[in-house]
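Taking it in order: structure first as structure tokens, then the write-up.
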Amino acid sequence: MDIGLFDLETSGFHADSSILLCCSIKAYEQNGQKTSVKTIRADSFEGWKSHKTQEREVIEKVSYELDKFDILIAHNEERFDKKYFNAKCLQFGLRPILRFKKVIDPIQLSWKHLRLGRNSLAALIDYLEIPVKKTPIELRKWLKAALEGDRKCMDLIVEHCEYDVITLEKVYKKLKSLVDKIDTKGSSY
């Protein structure tokens, strides 16, 4: 089975009032086989400079890449990524692929099987003593990337997204013993 990790970075929390800035995707490392992160950036598409809300090509590309995997791992996928991305797919008449994907969501594993004060990716990194830290980005940099198309600010967001996927893999490796089985919905949590 092909397992992939992914993270979305968006200009807001609701699909009807924001845009997808980037998506980083990485094949899960198994049997010591190293894999690299692939990032789909909205600003690499032709319409970005003049029509940032015309996201169809970006959403299609992300869908195509995510659909290569049998199982996906994403932090807070159930509450954010899946709903956000499915809404974007439907907006552009595309199949909402995350609706039918098997997914393992570390935040769900943590809620169900661990008694922690917080379950964010940053909190799990800290608790599991993973020697990395989340990369903070100032709000104005998000705004400059999304509204003004500032390339340097977008580079920071992409770096943040890629770092989240790499870190997510380390968190999942520590939590995967909590996964009982993978059924038609995803992890049984």
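Label zone of Ser18 (point 7 Å out along Cα→Cβ, amide N under 19 Å): in region 57-94 this covers 58-60, 62-63, 74-92. Computed from Cα positions, the angle between helix 151-175 and the longest principal axis of the chain comes to roughly 10 degrees. Note: relative contact order over region 1-143, using C-alpha pairs below 8 Å and six or more positions apart, is 21 percent. Residues Glu129, Glu159, Glu78, Glu148 in ascending order of nearby Cβ atoms (within 10 Å, fewest first): Glu129, Glu148, Glu159, Glu78. Here's how it looks for Thr10: its modeled amide H is under 5 Å from those of Leu21, which are all 5 or more places away or on a different chain. Taking θ = phi - 60°, what integer Hz values does the Karplus form 6.51 cos²θ - 1.76 cosθ + 1.60 yield along region 75-87, in sequence order, with x for Gly and Pro? Running phi through 6.51 cos²θ - 1.76 cosθ + 1.60 with θ = phi - 60° gives 7, 6, 4, 5, 8, 10, 3, 4, 5, 5, 5, 4, 4 Hz.
If the reach is capped at under 20 angstrom between alpha carbons, list the lysines near Lys176, excluding any in the same chain fewer than eight residues apart. Within reach: Lys26, Lys34, Lys101, Lys102, Lys112, Lys185. In this structure the amide hydrogen of Ile104, modeled in the peptide plane, comes within under 5 Å of the amide hydrogens of Leu72, Ile73, Ala74, Ser187, none closer than 5 places in sequence on its chain.
Computed from Cα positions, the angle between helix 56-66 and the longest principal axis of the chain comes to roughly 20 degrees. Checked against a 26 Å cut-off, the cross-linked pairs Lys49/Lys170; Lys49/Lys152; Lys152/Lys174; Lys68/Lys173 give Cα-Cα distances beyond that limit for Lys49/Lys170; Lys152/Lys174. With a simple spin-label model that places each label point 7 Å from the Cα along the Cα-to-Cβ direction, the separation between Asp2 and Thr53 comes to 3.5 nm. Phi-derived couplings, Karplus 6.51 cos²θ - 1.76 cosθ + 1.60 at θ = phi - 60°, listed residue by residue for region 123-131: 5, 5, 4, 5, 4, 7, 6, 7, x Hz, with x used for Gly and Pro. One quarter of the convex hull surface, Cα atoms only: what value does that give for region 1-81 in nm²? The directionally averaged projection comes out at 5.8 nm². Only residues of region 116-149 count here: report those whose backbone N is under 17 Å from the spot 7 Å along Cα→Cβ of Lys61, or say none. Under cut-off, by backbone N: 146, 149. For Glu169, Glu77, the sequence from fewest to most other C-beta atoms within 10 Å is Glu169, Glu77.
In region 61-101, which residues have a backbone nitrogen under 15 Å from the label point lying 7 Å from Ser44's Cα in the Cα-to-Cβ direction? Answer for this model: 61-66. For Lys68 and Glu138, the FRET efficiency from 1/(1 + (r/R0)^6), where r spans their Cβ atoms and R0 equals 35 Å, is about 0.55.
Using Cβ point charges alone (K and R +1, D and E -1), the dipole size of region 3-178 about the Cα centre works out to roughly 380 debye.
Largest GNM mean-square fluctuation among Ser44, Ser110, Ser11, using the chain with Cα springs under 10 Å: Ser44.
Just so you know, all these numbers are worked out from the coordinates, no wet-lab data involved. No experiment lies behind these values; they were computed from the predicted model shown. No Cβ is skipped: glycine too gets one built from the backbone with ideal geometry, and neighbour counts run over all protein chains shown.
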